Amino acid sequence: MTTPSTTPSTTTTGPAPKRATRPINRVGNRQQLQQVLAFAGLVVIFAFFSFASPYFLDWANVKGILLATAVTGIMALGATFVIATGGIDLSVGTGMTLCSVMTGVFLANLGLPLVVGVLGGLAIGALIGLLNGLNVSYLRLPPFIATLAMMMVAQGLSLVISGTKPIYFSEVGGFDQLAAGELVPGLPNAVLIFFVAAVIAGVTLSKTLTGRYALSIGSNEEATAISGVDVRRWKVVIYTVAGLFTGLAGVVMASRLNSAQPGLGLGYELEAIAAVVIGGTSLRGGKATILGTVIGALIMATLTNGLRIMSIPQEWQKVAVGIVIVLAVYADMLRRGKEA
Amino acid sequence: MTTPSTTPSTTTTGPAPKRATRPINRVGNRQQLQQVLAFAGLVVIFAFFSFASPYFLDWANVKGILLATAVTGIMALGATFVIATGGIDLSVGTGMTLCSVMTGVFLANLGLPLVVGVLGGLAIGALIGLLNGLNVSYLRLPPFIATLAMMMVAQGLSLVISGTKPIYFSEVGGFDQLAAGELVPGLPNAVLIFFVAAVIAGVTLSKTLTGRYALSIGSNEEATAISGVDVRRWKVVIYTVAGLFTGLAGVVMASRLNSAQPGLGLGYELEAIAAVVIGGTSLRGGKATILGTVIGALIMATLTNGLRIMSIPQEWQKVAVGIVIVLAVYADMLRRGKEA
Amino acid sequence: MSDPALLRATGISKSFPGVLALDDVHLDLRPGEVLALVGENGAGKSTLLKLLSGIYRPDAGTMELDGAPMSPAGPRQANELGISVIHQEFHLMPDLTVAQNIFIGREPRRTGLIRDDELVRRATALFGRLGIPLDPRQPVSHLSVAGQQMVEIAKALSFDARVLIMDEPTAALTETEVATLFRIVRDFVSPRTGVIYVSHRMDEIKEISDRITVLRDGRYVDTLPTASTETRDVIAAMVGRQLETGVRPDPAAASDATGREVVLAVRGLSTRKLLKDVSFELHRGEILGFAGLMGAGRTEVARAIIGADRSTGVVEVRGKPVTVRNPADAVRHGIGYLSEDRKRYGLLLDQDVVRNVMLSSLPGMTRAGFVRDGDGRRAATEMVDRLSIRTPSVTQTARNLSGGNQQKVVLAKWLVRDCDVLIVDEPTRGIDVGAKDEIYGLLTSLAAQGKSIIVISSELPEVLRLADRIVVMCEGRVTGTLAGVDANQHDIMELATRFGADRSLVKTGDPA
Amino acid sequence: SGGGEAPGSGDKPYVALVSKGFQHQFWQAVKQGADDAAAELDVEVTFEGPETETEVEKQLTMLQTALDKGPDALGFAALDSEASIPMMTDASSRGIPVIAFDSGVESDVPVTTVSTDNLAASAEAAKHMAELVGSGKIAIIAHDQTSQTGQQRVEGFTQYIEENAPDIEIVDTQYAAGDQLKSADAAKVIMQAHPDLKGIYGANEGSAVGVVKAVQETGKAGELTVIGFDSGKAQMDAIRDGLMAGAITQDPIKMGYETVKAAVAAINGEELEPVVDSGFYWYDKTNIDDEDIAAVLYE
Ligand SMILES: Nc1ncnc2c1ncn2[C@@H]1O[C@H](COP(=O)(O)OP(=O)(O)OP(=O)(O)O)[C@@H](O)[C@H]1O
Ligand SMILES: Nc1ncnc2c1ncn2[C@@H]1O[C@H](COP(=O)(O)OP(=O)(O)OP(=O)(O)O)[C@@H](O)[C@H]1O
Ligand SMILES: [Mg+2]
Ligand SMILES: [Mg+2]
């Protein structure tokens, strides 16, 4: 690669005549304001439940909501990258399960050291992402197909590898503390991990080439390619990064359950994708925010929690969640102005 | 709407000088060839299983495959329209269930005449589609969100309305014959209905305004709107048409089970969408074929059936289906040339 | 001059977030005339036309058709009123066929079913009448930009329109198609019809229009009769000062680059679709022009070189054969390509100017793996200045820029990337006269600094003005190379129409 | 079971089992029992079931395919007995004997039914709950609202409490698909909404383990009486650690075994009892290591 000079070294033969542009307001500030306001839907939902139930605003319950958000939330972080490219990742749910199972194999069956096992789990996630990425970019499969296939393969392999039995970590000292311990007193590590992961994801999305190219590819893949970005290679990188989050979700899940449950996972992908989309990320690609994803995941978990705490019958909960999602997203769109 | 003038009435002062047109290639023929070749993947899969298992090519088994295709297939037909617009319909699965349940209410609980009950089931489907369409076009919700919400609402309502218990049609004379009867000897009506529905869907997609505008919107929504097509209204029409197929699937399902099972439905949406995408329809919209969807649905059902009939252990079946889907779609794409 | 205007707009204002695009503008179109609408990039021309065609609603002002007030609620209603528009940005459905695109919303039906055969028949008849060589059954995605432009033109003329509005219809066309278009326009104009014509090409305006309305910075400046106005005065009205344009630099000043190092050599480049054995050399500090008719294969050559399309043949960079599998490889070898299709291959429409400008240079704008947005913002600000990109801020979304300013953003992206070899395909498409001159100056000075540039352009004056040597193509082959100093339009057209014996394309217009 | 060569192709009799589930430990234990019997009686056995107990249509398709393989006998655990009547008729017309297991099929096609009484089993769970909490509020976390087992395990429990323990109030019943994580979240919410909750009943393995998880995570171990259903290592550990008071287990291994055994008997034309009860057991800290209990537990 030639080193690009940041300042173009061409010189014009004379200063171009200045032309008046007429700015009416500053766009930058507006964006910042938006990011703050993005909480609005969540805040309204929170406020509502706080009034509706005296138990809702208890720290124990809030902790419960956060804990319930953690696993899906981490998956949703990864999914955000794929969705930013205009793709979709259906393999996050069962992929997460496979990572749990493999962590179990490393730690419980093979007795590897904790760190190695955890890194192994992450590596399996990265591998899943890598394969997705290769299928999408080099075989040019539609992401839906590539990740649907991976979703099935991961589900099958989880069962095969575990012998359709849970793998327990009871013998692996300290593994459950990964999620249940409280490095920050009062805050379970699983939640801490989620927040740290969110910060890393946020920086990766907005400040690294991986994130930038993900957004560019989602915005206009052809233009990005013609601009000299090796789109295929970067897609592989992006899917691999997404896979890492899947791996992390798998490890956290395993730690929380202190076991790897091979039958779990199906359906989590929809929850994760829903969190991303509720957060304002467009499935068409090009627009994505990690903060949005975190809020989206929190909205989903808060809704479920709040309706349960109000003892709404199960069958009505679904109806209510559906309607609230429509309202929340619609309100959010109104707030952002009719870009749609 | 004004009546379109069929001949543009601008006048030329004389015949324009003829120029040799340079057709780059003849698109028509190639497309026809493709449609024939589209069977290839299916044929290969069929051939393989015929060799692998003596039971596979039995008419009873083939009938079983067709029967297994029918319900998902009908849903996939509807989903094709939505996907053609570049949208997605997650509500086909539980929507289908709600239609089953409502058909149960009409026929078993209210004792309405058979025809009325069946039409009622279809109407509920249309209503679901209508609401999806209104949410997508007038509230401008992303289709993913609108139909995800509908998926939840439909699931909840199915449970609420049925009291979480199946509704049986045992008292409704002849309802089970709707799917199980054989108007064409040897061919269950469910399959016949699927094929007839496919033909109707095919004509609707390629020969009516609904289909044409679905493809046009999927191709470039803004341009379609600027061209004077009332995109919002047509989207509502398109989603409603899709809903009709959901309704039909619900009725056929109910008839096949001779009962409305309120707990069913989740997960069918992914199968239906997978069938559509395997059939070569692009999730980006603009490109869709009904024949492809039918083949996609058949591929899915055949794979599952073939692996079962070979007595592949269940955990390996998933793995195999995943891999075969990748291969089938990849082969299909190679065949069509690297458009991707 | 008090006869009722065919179409009149008075006191029109329109603002967008951050921009006052139109401020008390008027315009009147008389029956039987071609009214040219001119102004710099971002002056508000397209916005005005979108108001007339019902895409936007004015904030203030009135519009009249035949003396009766009108306010079209949407494009369809405008069509029904007899206003037919060719927009600057294409509005085509790439997956549909040409015929389906043209008659979208007006499909002939029998018993509810669309009659595609009838659709094709009508399209064929329309093309025959207009003299446009296109296959109505072809998907639009298979067409080049020029082809797409012809579809838009045909579509606009398929209505029974009284007012035909054309927003830079010739930006993507070569002279032959321009001639076809002008014939179409002349055929169209009758005592009951009129045409509003937007272009940055002054010679075209001179040729086709009766009067010229000038906008500057969102405001109405003047309306001038074409026949009695000098081009330089029109330009002066546009930019608000006198400007020397279209002047070819002193031939003596153009140094002979052919003796210098060959930075890019292409040998035997062929593609399955079109190119046959294309060979040429590009020297250090040279500007090599590529001329040819629409579909001659110039764009294909560029795409093949940068690895965007598959091809056979050898590409050598500084004497060494290189494998270029994709545009990323090309950039790695110092070859950048600015596409003729800015919407499809140039812009991230939903992202802001900064991100667009940074795109090609991102790896160089990082420290320890993190993108330094400050660098990008600085580069973008500098480019906005240097190229006079009219935008309220560098954080404006690319979609909201005017066409010409979008083109400048794409150019800025490549200027920031600073490649040794820059292939620019229709670099001044949609760019106004003043800015065009600045860009010519820019390209020339780049070459003077030792960069090598390939200019593909359908505007012969542009090629003639810029190029040291001119490669002329026809039907995928190089039919000749001319030295810039002694080339003229006639020689180029001669070579550009040297078809193989098997086919011939009848010339419709006289290449001016 | 399963295995390389296609079943039915050899000379061994072939028994196809279509169950209600596959991945759950309960069904895996049934499978294990069936495999044991297959080895012992020298028959070929395949075992399949849908992913969740709501997928009636999927199960029918599996049944269809199983019939098409021409088995010598068929074991079937119907998710919905009404819906499977045509298939039963089909089986009988092909002369394939059907053995119903887990729950009965309302049809005279099955030659015998090997089942547990879920209503009675959950009533037993309720009995223990009532004894242990005496009075106050309790809640239920169940796996599935629409499947027969899901409904019966809630119904049997609720009925018993209503009829026999007037001082106990069931304040909430939530369903969490048998997913441990979701069950844990649901249980925590109920505990939150009812701080004076005294007991929770988890109606299947995943639900029960989830409840234990919730109790652990809220630090309320010992304050709440947790009663589970089915076995599995996590549940057994919880009982040993005192986190769970006890649980009901069925004898799925026996169920699988008896089903295959009955199938072989039917193939050989032997007379069969109309019902084979595979039984259920209450187990807790005191008897978990007893020989007869340990035999019915599975990890
Ligand atoms: N949708 C929009 N949102 C915000 N600003 C807009 C929008 N459309 C146009 N503008 C702004 O309005 C001004 C006028 O734009 P317009 O497209 O009318 O210019 P133009 O005269 O057609 O220029 P060009 O010659 O480059 O096509 C520009 O500054 C442009 O950035
Ligand atoms: N993306 C594309 N897909 C399919 N065909 C294309 C594409 N781009 C161009 N073509 C076709 O390839 C031929 C060569 O076009 P090309 O763009 O290379 O010509 P050109 O000399 O650059 O002329 P112009 O750009 O003015 O049309 C044309 O007939 C065109 O229709
Ligand atoms: Mg413009
Ligand atoms: Mg070109």
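Coordinate-derived values only; no laboratory data. Computed from a prediction, not measured in an experiment: that's the story for all the values here. Here Cβ is always computed from backbone atoms with ideal geometry, including for glycine, and neighbour counts include all displayed protein chains.
Shielding by partners for peptide D:50-63, expressed as the average number of C-beta atoms from other protein chains within 10 Å of each residue's C-beta, is 5. With a cut-off of 15 Å between beta carbons, the residues surrounding D:R94 carry a summed charge of -2, where Lys and Arg count +1 and Asp and Glu -1. For chain A, the relative contact order comes to 31 percent (Cα pairs under 8 Å, sequence separation of at least 6).
Going by neighbour counts of Cβ atoms within 10 Å, the residues D:K58, D:K31 line up, fewest first, as D:K58, D:K31.
Each residue of the range B:232-340 gets 139 Å³ once the volume of the Cα convex hull is shared out per residue. Here C:M358, B:M310 are placed in order of increasing Cβ neighbour count within 10 Å, fewest first, which gives B:M310, C:M358. With neighbour counts taken as other beta-carbon atoms within 10 Å, the residues B:Y268, B:Y239 rank, fewest first, as B:Y268, B:Y239. Each Lys and Arg adds +1 at its Cβ and each Asp and Glu adds -1 at its Cβ; summed about the Cα centre, the protein assembly as shown shows a dipole of about 6580 debye.
Partner lysines whose Cα lies under 25 Å from the Cα of B:K165, excluding those fewer than 8 positions away in the same chain, are identified as A:K318, D:K20, D:K58, D:K182.
Put the Cα centre of the range C:37-74 next to the Cα centre of the range D:237-299 and the gap is 82 Å. Size descriptor for the range C:12-54, Kirkwood hydrodynamic radius: 11.4 Å (Cα pairs only, one decimal). Each peptide in B:109-117, B:283-291 receives the mean, over its residues, of other Cβ atoms within 10 Å, and ordering these scores from highest gives B:283-291, B:109-117. Histogrammed with a bin width of 10 Å, the alpha carbon distances of the range D:64-189 distribute as 12, 32, 26, 19, 10, 2 percent, first bin at zero.
For the range D:155-223, with the dipole built from +1 on Lys and Arg beta-carbon atoms and -1 on Asp and Glu ones, taken about the Cα centre, which of D:I190, D:G219, D:T173 lies farthest toward the positive end? After comparing all options, I get D:G219.
A straight line joining the Cα centroids of the range C:261-304 and the range A:90-128 runs 52 Å. Computed log10 I(q)/I(0) for the protein assembly as shown at 0.04, 0.05, 0.07 Å⁻¹: -0.29, -0.44, -0.83, from the Debye equation with unit scatterers placed on every C-alpha and solvent omitted. Sorted largest first, the spans of the alpha carbon positions of the range C:1-102 along the three principal axes are 46, 36, 25 Å. Just to confirm the number: angle between the C-alpha axis of helix B:114-137 and the first principal axis of chain B, 0 to 90 degrees, nearest 10? Result, in degrees: 50. Based on alpha-carbon atoms, the Kirkwood radius and the radius of gyration of the range B:55-339 give Rg/Rh equal to 0.98.
For chain C, the longest piece that avoids every one of the GluC sites (Glu not before Pro) found in DSSP loops with at most 10 other C-beta atoms within 10 Å covers C:245-512. Modelled spin labels at D:E299 and B:L183, positioned 7 Å past Cα toward Cβ, are 5.8 nm from each other. In chain A, the calculated helix contribution to ellipticity at 222 nm averages -22500 deg cm²/dmol per residue, counting -39,500 (n - 2.57) for every DSSP H run with n ≥ 4. Against the main long axis of the alpha-carbon atoms of chain D, helix D:56-68 sits at an angle near 20°. Taking all C-alpha pairs of the range B:35-147, those more than 16 Å from each other amount to 71 percent.
Per the Debye calculation on chain D with a single equal scatterer at every Cα and no solvent contribution, log₁₀ I(q)/I(0) for q = 0.13, 0.16 Å⁻¹ amounts to -0.85, -1.16. Shape summary: the range C:420-503 maps onto an equivalent ellipsoid whose semi-axes, from the alpha-carbon gyration tensor, are 25, 14, 12 Å in decreasing order.
All distinct Cα pairs of the range C:78-189 go into the 1/r average, and the inverse of that average, the Kirkwood radius, is 14.2 Å. Under a Cβ-Cβ cut-off of 15 Å, what is the net charge of the residues other than B:A201 that fall near it, where Lys and Arg count +1 and Asp and Glu count -1? Net of charged neighbours comes to +1. When Rg and the Kirkwood radius Rh are both evaluated on Cα atoms of the range D:1-134, their ratio Rg/Rh stands at 1.03.
With its label point put 7 Å out from Cα toward Cβ, A:P185 sits 8.5 nm from the same residue's point in the other copies, in order from shortest.
Alpha-carbon geometry of the range D:33-77: the Rg and the Dmax are 11.8, 33 Å, given in that order. In summary, the aspartates and glutamates within cross-link reach of C:K14, defined as a Cα separation below 14 angstrom excluding same-chain residues under 8 places away, comprise C:D23, C:D24, C:D59, C:D217. By the rule of a C-alpha distance below 19 Å, with chain neighbours fewer than 8 residues away ignored, the aspartates and glutamates paired with A:K235 are A:D89, A:E221, A:E222, B:E339, C:D329. Sorted from shortest to longest, the distances between the A:A60 label points of this copy and the other copies are 6.0 nm, with each point 7 Å from Cα along the line through the beta carbon. Overall, the range B:214-294 carries a charge dipole of about 80 debye about its Cα centre when +1 sits on the Cβ of Lys and Arg and -1 on the Cβ of Asp and Glu, all other atoms neutral. Compute the helix-to-body angle for B:189-207: its Cα long axis versus the longest principal axis of chain B, expressed 0 to 90° and rounded to tens. Computed tilt is about 20 degrees. In a simple Cβ point-charge model (Lys, Arg +1; Asp, Glu -1; nothing else charged), chain A has a dipole of about 1280 debye relative to its Cα centre. Of the three principal axes defined by the Cα atoms of the range B:97-179, the extents in descending order read 44, 24, 21 Å.
Share of pairwise Cα-Cα distances greater than 33 Å in chain C is 40 percent (whole percent). Here r is the Cβ-Cβ distance between D:L119 and B:V199 and R0 is 45 Å; the resulting FRET efficiency, rounded to 0.05, is 0.40.
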